[in-house]
Amino acid sequence: MGDSTKSLLQRIIRRIPSRAIESTLRKWGRLTAEQLQSIDFTQPKWTVTQELLDMCEEGNWTLKFITELEMSYIIDNPNQGMWYAYQLMNPEDDANSVELTQFKEQFKSHLKQLVRHISLKMKKHTDEAVWIRIAWGDRFFQPNHMKPTYAVHYLQTPYVFVTSLTSKHKPLFSQAMTLSTRYQAIKDANLSGRNLTAIRDLLMRQFQQAFPTKHPSPLAERNQTVSHPRIEKEQDGNAANRLELACEAFGGGTLPQLQSAVYKLETKFRDQTNKAMTEREESFKCIVKFASTNLLESLRHCASSGFASTPVTPLLSSISLKGKNYFVITDNSPGAASQPRRAQDK
Amino acid sequence: MSLLKPFSKLPGINSANILLVEFEETFQQSLADALVEETAVTVNVRLAKSLPLPKENEENRPRIDLVVFIINLTTELSFQSAEASLKCLDSGFFLGKVCFMVTNARNASVPTERLDSVRKLAASLHCPLLFAEDQTPAGVTNAAERLLTILKVTAGLVPMTTALYLSNLTRCTVPPDIDQPTFD
C-alpha cells in the first residue's frame, strides 16, 4: 500500500466520467454493499475520489484491486485510444487447439522470461476475447502502471488488437504472443482505428457484405423514394445501380466506424504538362490521407451519390475488402497506375 | 447529344411541367414534394441529376416549361455539373425558361468566388438567380412558392404576361465591381 496505488486510483477515477462511476464500481465488485451505500454519487467527483481514497487506505487495497478496476472500465469503454491490428502467421499444427488456461500460462511465462519487472493481468470477456493488461518495467524499474498496454486476442483466430504499445516493447510482446499462440510470426495488419469493435468487425468480416449478382436485387424496391405520381425521375436506373455498386465495394447496412485511410504513394510522377517532374528517375513520394468520423460510410455515400465514379476504384474498395487502412502503392503492383485521388472529407 | 427543346410538344390543359436538375439529388426531392402540393394547376415534376436526359423517356416526357438548376455552393462539382448540363438545352429555353437556384449560400465555409461565378453564369445567360434554404421545411415551401410563381408564367397560365417579359424583370445582373477586391 503506497503512494503509487493511491495515485493510480486517483488517475483512474479521473478518467471515468462522473455518471459512469457508480456503475463501474458496482461492476468491479470489490466494494461491499455498505461501502457503496455510503458513497454519495451526486457529489462532485473530487469528493467521491476522496472517499474512495480513504476506503483504499482503510481496506489496504492492493495494486491488483486497482488494476482490476481499470481493466473492467477499459473493457466496457475500449474506444479511448488508437487500436492497432496485428495478424499472426504460419500456424503450427496445434495452433487451433490452444485454449484459455494454456494460453494464459504460456504468455505469462514467456513474457516473464523476457522482462523481469512486469505486471500482467488477463481476463476473458464474454465474446471469446482475452483481454491482456501489461504494465511494463525493465531491469531497474518497477512496472509502470500509469501507461499500461492493452491487448485483445480472440482465441483460435490469428488476430490481435493492441493499444499504446511502444516500439521498445513491441518485439517482446510479439515474441510472447507468437510463442504462446503456437504461430510462427506476427505482422502488422495495416489497420488502425479508434473504435475497437469496428476494426475487429472489419478484419474478421463481421459486417454486412453485399456480393455482386447479375440478378436485380431487392435494393431497388427498398429505395423507392418517389412517392407521388406526378413526380418522375429521369435517371432512375442510375441511382439504384450506383448504390448497388457502392454497397458491393463497401458493404451494406451499417458499416464499421473507421477514422482514416492512408495511402503512401511511391510511384513515378505522371503529368504531361510537367516535363521536369515526369522525367525524374526517382519515384515521387507522397501520402494521401482520407479522414472522417465514419470513413466507410462517407465513401459509400460519395460513390452512391455520384461524387466518386463507379465502379469504385480498387484502391478505395480494398479498405473493406482486404480489411486494411494503410496502403503502400508502388509502380509494380496492379492498380498502381490509377491516379491519386483528391481527399474528400465528409 | 439530344437537345431538350421547349416548343417541340403541345402543352397540356391547365398543367405546368418543371424539370429540377440537381447533382446531389437531395434537395430536389423535398422541393418536388412541396411543388406537387399546388392545387390550382397540375404541376408535373421531373427530376434529373444532369442533362442530357435519357432517350427512353422522350416519348412520355411532357413539354418542359421551366428548367431549374439547383446548385449547392458547398461543392465545386455541383456547379461544374450544372455548367456542363447547360450545353444540352436548346437556346429557346433561355428566353425565360431557365432559372438557377442556389443553396447553402450562407454557409461560412463556402468561398465567395464560387457564388460570384454562379452569378456571372446566370447573368451571362440572362436567367434569374434564386436563393433557397434547404435545411428547414419553411425554407423549402418558400422556395417552392417562388418557383411556382415563375412556373405559372412560363407555362402561359398567367394572362397578360410571358416568360420573356418576366425574365427581363427578374434576370440576374452582375454588379460592375464584382471583380474588385473588397477592403473590409
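What follows is calculated from the coordinates using simple rules that are stated; it is not laboratory data. If you're wondering where the values come from, they're calculated on a predicted model, not measured in any experiment. Because the Cβ atoms are built from the backbone with ideal geometry, glycine has one as well, and the counts that use them run over all protein chains shown.
Here the protein assembly as shown is assigned +1 on the Cβ of each Lys and Arg and -1 on the Cβ of each Asp and Glu. Its dipole about the Cα centre then comes out at about 1180 debye. Among the GluC sites (Glu not before Pro) found in the stretch A:8-117, those both in a DSSP coil and sparsely packed, with 12 or fewer other Cβ atoms within 10 Å of their Cβ, are A:92, A:99.
The GluC sites (Glu not before Pro) of the stretch B:1-108 that meet both conditions, a loop assignment by DSSP and at most 14 other Cβ atoms within 10 Å of the site Cβ, are B:37, B:59. Setting aside same-chain residues fewer than 8 positions from residue A:168, which lysines have a Cα under 22 Å from its Cα? Partners found: A:108, A:112, A:121, A:147, A:187.
Taking all pairs of different Cα atoms in the protein assembly as shown, averaging 1/r and flipping that mean, what Kirkwood radius in angstroms comes out?
28.5 Å
As a proxy for reagent exposure, ranking A:231, B:13, B:70, A:39 by other Cβ atoms within 10 Å from fewest up yields B:13, A:39, A:231, B:70.
Springs join every pair of Cα atoms under 10 Å in this Gaussian network model of chain A, and among A:136, A:28, A:83 the largest mean-square fluctuation is at A:28. Normalising the Debye intensity of the stretch A:239-346 to I(0), with uniform scatterers on Cα atoms only, and taking log10 at q = 0.12 Å⁻¹ returns -0.44.
Taking the C-alpha atoms only, the angle from helix B:137-154 to the longest principal axis of chain B is near 60 degrees.
Rounded to the nearest 10 degrees, the inclination of helix A:236-250 to the longest alpha-carbon principal axis of chain A is 40 degrees. Dividing the helix sum by the residues of the protein assembly as shown, where each DSSP H run of 4 or more adds -39500 (n - 2.57), gives a mean residue ellipticity at 222 nm of -11000 deg cm²/dmol.
If you take every DSSP beta bridge whose two residues both sit in the protein assembly as shown, what share of them, in percent to the nearest 5, is antiparallel?
55 percent
Computed 3J(HN,Hα) for the stretch A:121-132, one whole-Hz value per residue from the Karplus formula 6.51 cos²θ - 1.76 cosθ + 1.60 where θ = phi - 60°, is 8, 10, 8, 8, 8, 4, 8, 6, 8, 9, 9, 10, glycine and proline marked x. Between the helical axis of A:100-114 and the longest alpha-carbon principal axis of chain A there is an angle of about 80 degrees. Given R₀ = 30 Å, FRET efficiency for residue B:160-residue B:7 by Cβ-Cβ distance, to 0.05? With a Förster radius of 30 Å, E is 0.90. Put simply, the amide H of residue A:258, placed in the peptide plane, has neighbours under 5 Å in A:295, A:296, A:297, leaving out anything fewer than 5 places away on its chain. Dipole size of the stretch A:3-76 about its Cα centre, with +1 on Lys/Arg Cβ and -1 on Asp/Glu Cβ: approximately 340 debye, rounded to the nearest 20. Look at the stretch B:46-57: the mean tally of other chain Cβ atoms within 10 Å of its residues' Cβ atoms is 4. Counting only lysines at least 8 places from residue B:49 when in the same chain, those with an alpha carbon closer than 24 Å to its own are A:233, A:346, B:5, B:9, B:87, B:97, B:120, B:152. Across the options B:70, B:168, B:32, the greatest Cα extent toward the positive end of the charge dipole of the stretch B:15-170 (unit charges at beta carbon of Lys, Arg, Asp, Glu) belongs to B:168.
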